[in-house]
Amino acid sequence: MAGMFDTNAKTDSASTATFKSQLNKVYTWYAGGFVAFVIVLGILEQMGLPKNYIGFIFLLATIGLYAGIGIMSRTTDAAEYYVAGRRVPALYNGMATGADWMSAASFIGMAGTVYLTGYGGLAFIMGWTGGYCLVALFLAPYMRKFGQFTIPDFLGERFEGNLPRFIGIIGAILCSFTYVVAQIYGVGLITTRLSGLAFEIGIFVGLGGILVCSFLGGMRAVTWTQVAQYIILIVAYMVPVVWLAVKQTGVPIPQAVYGFQLQKVTDLENKLKADPKEIEVINIFKERAAAADAKLKDVPAAMAADQAAAQKKVDDLKAANGPAADVQAAEKALAGLPKTADDAKKAYTAAKAANAARAVPLAGMPPHAQVFAGDPNGDDKAKTAFDTSRRNFLALIFCLMVGTAALPHILMRYYTTPSVKEARDSVTWSLFFIFLLYFTAPALAVLVKYEMFSVVVGSSFSNLPDWISAWSRVDPALLSVTDINKDGILQLGEIRIGGDIIVLATPAIGGLPYVVSGMVAAGGLAAALSTADGLLLTIANALSHDLYYKMIDPNAPTARRVSISKALLVVVALAAAGVAAQKPADILFLVSAAFSFAAATFFPPLVLGIFWKRANKWGASLGMIAGLGTTFYYMATTQPWLRSVFGVTSPVELWWGILPISAGLFGVPVGMAVIIIVSLITPAPSQKTQELVEHVRYPDLKLGQA
Amino acid sequence: MQVSERHRQYWNKNLRITAILMAIWFVVTFVVGYYARDLSFTFFGWPFSVWMGGQGALIVYCVIIWYYARYMNKLDIEHNVHEED
């Protein structure tokens with residue numbers, strides 16, 4: 001173990017080989033230890049260890065482990081702190097990148113999105129893997145050859161000056177901060193479920209785990225922790241899916257057999273659509289929506305009627321000497337009625353929308369095997385629906401891919417490999433390790449759907465599975481179940497489920513022992529923590545290295561730079577936790593927004609900087625501003641939450657029907673065009689910069705001997 | 001700094017393989033995506049486009065990156081721009 005955390009290890013080939021074999025040994029033991037740990041807990045569960053103990057043990061053991069690695073890898077050396085000494089072998093850098101990359105959104109949210117949206121959700125799966133082709137072919141090897149510490153570093157050197165560097169810092173902070181808030185929200189969600197603590201406290205417990213690691217050892221600690229986290233998260237993701245596959249089909253390779261389960265899901269969908277009980281539920285929602293609509297026509301009269309009805313209920317209960325709890329509830333309902341006509345109008349509009357949204361077949365989910373909404377051969381409306389749905393699907397893939405290739409915390413990872421060759425191999429390993437999880441996610445979605453449709457739907461309300469009440473307690477917005485048509489049987493239309501709990505609830509839905517639920521939660525925690533670590537480090541480095549050292553005080557000693565970075569880490573982490581505790585509107589939107597920002601800000605200048613020598617300072621600076629500005633403008637004028645933040649009241653005007661989530665689709669080409677045009681009308685970059693471009697294009701020029 | 005003819009060849013070959021692989025990437029992602037509704041024939045149980053979106057495209061992406069790394073690592077040696085270890 002010592003060599004792995006030893007700062008002074010030499011980097012000649014003999015010691016590299018020893019280093020690698022030591023790593024192999026350490027992580028093999030570690031993986032074996034983790035499996036043994038889970039088995040022991042499983043046995044203890046059978047012997048009667050209570051569930052909340054299991055949750056706590058998982059929480060403490062994994063966070064303790066990450067903290068331990070952080071303490072062992074503590075460092076104040078700049079090269080170790082910023083780029084892990086540049087000696088992380090390709091395989092391990094691949095695993096670390098995998099964990100860095102796979103966030104709460106990938107682990108917790110993605111399969112749930114596919115579950116809820118079917119083919120449309122595959123945009124995330126393709127976008128978040130295909131982006132690595134761009135990383136591998138356009139960026140990683142060149143970034144490694146350039147060999148500095150951060151992405152703004154590259155912008156500052158290549159585009160000659162502090163202006164592009166400064167815009168880079170702003171962009172890096174904007175997209176990393178948006179992204180880290182989403183991770184911390186995920187950490188809070190899981191900690192709450194594992195421990196039963198309040199959400200706000202859960203966030204700060206998880207934050208401790210993030211900080212102790214990145215705070216002490218920077219990139220070095222984060223890298224070795226991320227390898228450990230990858231192993232936990234991939235095991236945790238696979239076990240329940242394989243289990244479900246064996247249970248449903250007898251074959252332990254879910255990725256190969258879920259096509260046949262998909263056919264069964266399609267059959268069940270057709271059955272559910274025709275089921276009279278489901279139709280009954282839908283009709284009740286339709287009636288409720290219609291009732292709310294009627295109230296909207298005459299708001300004052302409806303308010304009076306509501307008031308009278310609620311008052312009558314209270315009086316009746318009191319007269320009949322009803323149970324105290326019922327009387328209290330009725331009084332509360334009476335007190336909670338809207339007081340002004342405006343409030344009432346808002347409440348009725350919301351009720352109309354909410355009920356109308358649920359008055360649809362399959363609880364609003366499209367048939368799982370259906371590609372795009374609408375129909376290209378149908379009437380005008382169906383045609384438009386089809387075209388818009390297809391256009392948005394492709395636009396989202398584009399933004400996610402380009403964004404992947406421009407996220408500073410991912411690109412930074414390729415600075416840590418020993419050579420250009422290893423950087424290329426490392427992208428291969430990165431995508432391979434990411435691929436393992438991503439090509440399992442659609443299988444998980446289908447297998448869980450089959451389980452829900454065939455087992456959970458149709459069960460009786462008096463005998464609902466435990467996980468339903470457990471998750472409703474965490475947050476009713478994530479899962480709520482009500483017997484709408486009062487028949488005592490659970491219909492699909494009566495379940496309202498959020499995508500974020502599908503993966504976490506999978507073991508329980510499949511009837512697996514609680515220890516597996518604990519393991520999956522620990523996996524989700526690993527995914528969220530590892531990404532949060534990488535992001536916080538990116539933000540702190542942008543501020544300490546790029547802003548303070550490169551722009552404010554170039555003579556600052558190394559030790560001070562590292563301490564400033566550590567101090568900033570704590571400040572940024574607390575700020576992000578503060579924002580996450582507010583439960584900002586839409587997590588998936590936050591994450592996707594980060595991708596669009598990154599795509600529009602960084603992709604054009606980075607790629608043109610390497611492939612086009614003529615790109616210059618003014619082109620890059622204005623291009624980044626134009627790209628980011630366009631993306632931001634489109635989002636701020638079209639996305640409901642941002643519109644309310646910025647007080648935009650003009651009617652929403654979508655360009656070609658593209659949703660705000662894909663705003664980068666406009667930002668990227670605008671950024672590209674501005675860089676090209678402005679570069680051409682301003683002077684070419686200096687000879688020295690052109691030589692730098694030549695320099696990054698070849699792994700080793702060996703001048704004079706070629 | 002003078003770059004030799006051999007270096008220029010190296011860079012051109014790099015650009016060529018990059019262009020070819022990006023063309024494959026584009027077809028797998030956007031062309032298949034565009035015609036997804038029409039490509040719904042059954043493929044080992046899946047509608048083909050659903051399989052492509054969830055798994056086929058991912059396999060192609062992995063192969064693209066693996067092939068590029070292999071090709072470039074060889075090209076480095078052929079053109080004597082590889083790193084000494």
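Nothing in this text is a laboratory measurement; each read-out follows from the coordinates by a stated rule. Just so it is clear, the structure is predicted and the values come from calculations on it, not from any experiment. Cβ sites come from the backbone with ideal geometry, for glycine too, and all protein chains shown count toward neighbours.
Subtracting the Cα-Cα distance of residue A:611 and residue A:365 from 0.36 nm times their residue separation leaves 84.1 nm of extension gain.
Scalar couplings 3J(HN,Hα) for segment A:655-663, obtained by applying the Karplus form with A = 6.51, B = -1.76, C = 1.60 to θ = phi - 60°, are 8, 6, x, 6, 6, x, 4, 9, 4 Hz; x denotes Gly and Pro. Taking a point 7 Å out from the Cα of residue A:304 in the direction of its Cβ, the residues of segment A:330-346 whose backbone N falls within less than 15 Å of it are A:341.
How large is the helix-only mean residue ellipticity at 222 nm for chain A, computed as the sum of -39500 (n - 2.57) over DSSP H runs with n ≥ 4, divided by its residue count, in deg cm²/dmol to the nearest 500? Taking each H run of at least 4 residues, the total per residue is -24000 deg cm²/dmol. May I have the pair-distance distribution P(r) for segment A:329-469, computed from all Cα-Cα distances with 10 Å bins from 0 and rounded to whole percent? Percent of Cα pairs in each bin: 8, 17, 23, 23, 19, 7, 2, 0.
Between the alpha-carbon centres of segment A:551-625 and segment A:175-249 there is a gap of 22 Å. Principal-axis analysis of the Cα atoms of chain A puts helix A:122-134 at an angle of about 0° to the longest axis.
Stretching the chain fully between residue A:44 and residue A:251 yields a gain of 71.7 nm (0.36 nm per residue, less the alpha carbon separation). Applied to segment A:271-281, the Karplus parametrisation 6.51 cos²θ - 1.76 cosθ + 1.60 on θ = phi - 60° returns per-residue 3J(HN,Hα) values of 5, 5, 5, 8, 5, x, 5, 5, 5, 4, 4 Hz, with x for Gly and Pro. With R₀ fixed at 60 Å, the C-beta to C-beta distance from residue A:297 to residue A:691 puts the FRET efficiency at about 0.20.
Computed from Cα atoms, the angle from the helix A:13-46 axis to the main principal axis of chain A rounds to 20 degrees. Under 11 Å from a point placed 7 Å out from the Cα of residue A:334 along the Cα-to-Cβ direction: which residues of segment A:285-299 have their backbone N that close? Those under the cut-off are none; the list is empty. Close amide H pairs (under 5 Å, H built 1.01 Å from N) link residue A:75 with A:217, residues at least 5 positions away or on another chain.
Axis angle, to the nearest 10 degrees, between helix A:514-541 and the longest C-alpha principal axis of chain A: 50 degrees.
Pairs from the table (A:297/A:339; A:421/A:617; A:313/A:339; A:51/A:449; A:20/A:421) lying more than 23 angstrom apart at Cα are A:421/A:617; A:51/A:449. Cross-link pairs exceeding 23 Å between alpha carbons, from the set A:286/A:345; A:145/A:688; A:286/A:332; A:277/A:312: A:286/A:332; A:277/A:312.
Could you let me know the centre-to-centre spacing of segment A:480-504 and segment A:359-380, using Cα atoms, in angstrom? Each part's Cα centre sits 21 Å from the other's. Considering all alpha-carbon pairs of the protein assembly as shown, what whole percent are spaced by more than 45 angstrom? That fraction is 26 percent. Our compactness index for segment A:119-241, the C-alpha radius of gyration over the empirical 2.2 N^0.38 Å, is 1.33. Derived scalar couplings between HN and Hα for segment A:319-333 equal 4, 7, 6, x, x, 4, 4, 5, 4, 4, 4, 5, 5, 5, 4 Hz in order, rounded to whole Hz, by the Karplus curve 6.51 cos²θ - 1.76 cosθ + 1.60 (θ = phi - 60°), x for Gly and Pro. Model label points for residue A:238 and residue A:571, set 7 angstrom from Cα along the Cα-to-Cβ axis, are 4.4 nm apart.
Taking amide H as placed 1.01 Å from N in the peptide plane, the amide H of residue A:253 sits under 5 Å from none that are at least 5 places away or on another chain. Taking other residues whose beta carbon is less than 13 angstrom from the beta carbon of residue A:404, and scoring Lys, Arg as +1 and Asp, Glu as -1, yields 0. For residue A:486, the aspartates and glutamates whose Cα comes closer than 14 Å to its Cα, not counting residues fewer than 8 places off in the same chain, are A:278, A:280, A:494.
For chain B, the percent of C-alpha pairs falling in each 5 Å distance bin, counted from 0 to the bin holding the largest distance, reads 3, 13, 18, 16, 13, 10, 9, 7, 6, 4, 1, 0. Distance between the modelled labels on residue B:80 and residue B:38, one decimal in nanometres: 5.2 nm (7 Å Cα→Cβ projection).
Residues whose amide H falls under 5 Å from that of residue A:489, counting only those 5 or more places apart or on a different chain, are A:461, with hydrogens built in the peptide plane.
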